[in-house]
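What follows is a set of notes on a single structure, which appears directly below.
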Amino acid sequence: MPRKPDEYAIHLFLSGGHKEEVRFSTVQEFQKWYSSDLIPKSDSQDFISVPIKNIQGEYMVVRPANIVAIRVEPIYLSSVERF
């Protein structure tokens, strides 16, 4: 039985060489943000909000046109499979 990731680290590579990481609980949660917020404004220089759920009181905004690459990394918090 394949293991299920505990969360997903999303690496945003920005023009200018900067890199940011945000985490999503499920890949579907990321896909929803990606398709509803990021893709429709992909050429925009206006800021959009990036959800940061694991850090209370912080938020991040980014210009969609400055995102040059996205890497999705599954995160497993345990090395032992538990049923």
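Coordinate-derived values only; no laboratory data. Please read all numbers here as calculations on a predicted model, not as lab measurements. Methodologically, a virtual Cβ is constructed for each residue, glycine included, from the backbone with ideal geometry; neighbour enumeration extends over all protein chains shown.
Across segment 17-56 the C-alpha pair distances fall into 5 Å bins from zero in the proportions 6, 19, 27, 26, 17, 5 percent.
Excluding ILE55 itself, what net charge comes from residues whose Cβ is under 15 Å from its Cβ, given Lys and Arg +1 and Asp and Glu -1?
-2
Helical content of the chain, expressed as a calculated mean residue ellipticity at 222 nm, amounts to -2000 deg cm²/dmol (DSSP H runs of 4 or more residues, -39,500 (n - 2.57) each, divided by residue number, nearest 500).
Under the criterion of Cα pairs below 8 Å and six or more residues apart, the relative contact order for the chain equals 40 percent.
Counting neighbouring Cβ atoms within 10 Å and putting the fewest first, the residues ILE52, ILE39, ILE10 line up as ILE39, ILE52, ILE10.
For segment 7-75, a simple Cβ point-charge model (Lys and Arg +1, Asp and Glu -1, everything else neutral) yields a dipole of about 60 debye relative to the Cα centre.
Report, as a whole number in µm² per second, the diffusion coefficient that Stokes-Einstein gives for segment 7-75 at 20 °C and 1.002 mPa s using the Kirkwood radius over alpha carbon pairs. Reported coefficient: 174 µm²/s. Cross-link reach is defined here as a Cα-Cα straight distance under 25 Å, omitting same-chain residues fewer than 8 places apart; for LYS41 the lysines meeting it are LYS19, LYS32, LYS53. Extending 7 Å from the Cα toward the beta-carbon at both LYS32 and GLN56 defines two label points whose distance is 2.3 nm. Once the Cβ-Cβ distance of SER49 and SER78 is raised to the sixth power relative to R0 = 35 Å, the FRET efficiency obtained is 0.65. Among ASP43, ASP6, sorting on how many other beta-carbon atoms sit within 10 Å of each Cβ, with the fewest leading, yields ASP43, ASP6.
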